[in-house]
Amino acid sequence: MAGEIDDALDRAGQEAFTRQPPKTLKGRVNFLVRQLKSTQAVAREIGVSRRSVERYRSGERRHPPQAIADRIEAAVRARWQPRVRQQARARAATATGITIETRARFGYTAPIGTTDDPRVRRLTVHLPPEYARRLFDAQQQGAGDPQLRRIVAEGLQEIYFKDNGRRAADLEVDISDIDYLDVSY
């Protein structure tokens, strides 16, 4: 199952679309048939019979069960404009970086005499391209949510909490209890 950060990265990639995916069931199924080359492959992908796919294509059946409609939409979004998404990711990993907006509980490992009690904060922080590259690479290699969280925590630690090395040199940051996390690039 995908984690919060993995989902946020996928949503950010979808924001890069220059055109919206097909809205009608018939348009979506026809797009999938063009991508997967056969109605049988589409049927396997969305978990229905080949005949059902043919009915969706012809317009004979217009309202599939919600679970199947969700699978069709997810399959289309996963294949829609891959080059546009890839270019946006490459630009973020080499030039522009990413912006993380989150509300989560941040805990600290800090020197004695300072507070290290975790507390909820709402942050919007722009991370440089090196963190975007690390996140994209880890996601592509199938890293789990804990590893992606560590990369985000390290980025927020260095850029926001340590202010690029100008303060809090011994601070270690941990993220937990994420209410929401949104990524844009």
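The values are calculated or read from the model by the stated rules, or taken from the named source; none is laboratory data. Bear in mind that the values here come from a model prediction, so they are computed numbers and not experimental data. We place every Cβ from the backbone using ideal geometry, glycine too, and count neighbours over all the protein chains shown. SASA here: full protein model, heavy atoms, side chains in, ligands and nucleic acids out. Shrake-Rupley method; radii C 1.70, N 1.55, O 1.52, S 1.80 Å.
Contact annotation: residue pairs with Cβ atoms under 9 Å, 6 or more positions apart or on different chains, pairing a residue in the stretch 16-29 that is within 12 Å of Arg62 (Cβ to Cβ) with a partner that is open to solvent by 100 Å² or more (accessible area, probe 1.4 Å) and at pLDDT 90 or above, are Thr24/Arg62; Leu25/Arg62; Leu25/His63; Lys26/Arg62.
Of these, Ile178, Ile151, which one is among the hydrophobic types (A, V, I, L, M, F, W, C), touching a helix residue (DSSP H, G or I) at 6+ places or on another chain (Cβ under 9 Å) and at pLDDT below 90?
Values: Ile151 fails: at pLDDT below 90.
Ile178 is the lone residue from the list that is among the hydrophobic types (A, V, I, L, M, F, W, C), touching a helix residue (DSSP H, G or I) at 6+ places or on another chain (Cβ under 9 Å) and at pLDDT below 90.
Looking across the stretch 107-127, the residues that are open to solvent by less than 40 Å² (accessible area, probe 1.4 Å) and modelled with pLDDT of 90 or more come down to Leu123, Val125, Leu127.
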